[in-house]
Amino acid sequence: MIDSSVAVSCGNCSVRRLCLPAGLSQADIARLEKVTRRKKIVKAGEVLFRSGDPFQNLYAIRSGSFKSVVIASDGDTQVTHFALPGELLGLDAYSKRIHSSYAEALEDSSVCLLPFAQLELLAQQVPTLQQQIYSIFSEELRQENDILLLLGKRSAETRLAALLINISSRYASRGYSHSEFVLSMPRIDIANYLGLTAETVSRVFSRFQREGLIKVNGRVIKFLDLLGLSEVAGTHCGYDNEGGG
């Protein structure tokens, strides 16, 4: 599945300002590109890495989206994260050098392979890159805290609204429309992530439509009342980058 014939360039990547090249000089980006020159295409439903796999690479998402899933000792699965372009996958394996979760593509996606041994060596030579890696690790921890807060919300409506606002703001930071986007994750994965049933998620989506907060067409979500949805979520709806819509 690795397409090594396709040249990967960090310098002209559409999500470079959210990924490792952020803040690097052109010379340092050129050095980084020697580490990140391999790209992997992952079809929808395919697994990028599995729980128990040894830690070899980080994966920077160029396009598409993924879900991260943890398998409990009793065999139950828990969706722990939905990853979008510009984000890194594989951070779960850093401390123990083995993956504790698996990552599955929610749609046809592409990632840059980042051999961690080479990346770590380069980071020692380029302080700005090292700082960016620390920032990404910090963001991962912040998102985990956000998950705990989200799951602590009492109502299904608040949980789903908060998730939609979160995804909207992440798309906005990538220069995409914050008000209309494809929700690549199926309802059953959203339900698992939020600790709800699929039926409850569908019911809340229908309620949001009836109340004029959103419009749903397949997996395309359009925000009709961002302020109203934000009030349901209990979050602030202002974005620094309003994106394309």
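Couple of notes before you dig in:
- Label-point separation in nm, residue 95 to residue 43, each point 7 Å along Cα→Cβ: 3.7 nm
- Cα centroid separation, the stretch 197-220 to the stretch 62-128: 30 Å.
- Dipole size of the stretch 107-192 about its Cα centre, with +1 on Lys/Arg Cβ and -1 on Asp/Glu Cβ: approximately 300 debye, rounded to the nearest 20.
- For the stretch 160-177, the residues whose backbone nitrogen is under 19 Å from a point 7 Å from the Cα of residue 206, taken along Cα to Cβ, are 160-161.
- Using only alpha-carbon positions in the chain, the gyration tensor eigenvalues give semi-axes of 32, 21, 16 Å once each is multiplied by 5 and square-rooted (largest first).
- Taken about its Cα centre, the chain carries a charge dipole of roughly 340 debye when the Cβ of each Lys and Arg holds +1 and the Cβ of each Asp and Glu holds -1.
- CD proxy at 222 nm, helix term only [per DSSP H run n ≥ 4: -39500 (n - 2.57); per residue of the chain; nearest 500]: -12000 deg cm²/dmol
- Footprinting exposure proxy ranking of 79, 126, 111, fewest other C-beta atoms within 10 angstrom first, gives 126, 79, 111.
- Relative contact order, whole percent, for the chain stands at 18, derived from Cα pairs under 8 Å and 6 or more residues apart.
- Cleavage-rule hits (trypsin sites (Lys or Arg not before Pro)) in the stretch 48-136: DSSP loop, at most 15 neighbouring Cβ within 10 angstrom: 50, 96, 97
- Spin-label model, residue 73/residue 141: points 7 Å from Cα along the beta carbon direction are separated by 2.7 nm.
- Extension gain from residue 216 to residue 199, taking 0.36 nm per residue of separation minus the Cα-Cα distance: 4.5 nm
Readers should treat all values here as calculations from the given coordinates under stated rules, not as data from a laboratory. The structure displayed is predicted, hence computed values, not measured ones. Methodologically, a virtual Cβ is constructed for each residue, glycine included, from the backbone with ideal geometry; neighbour enumeration extends over all protein chains shown.
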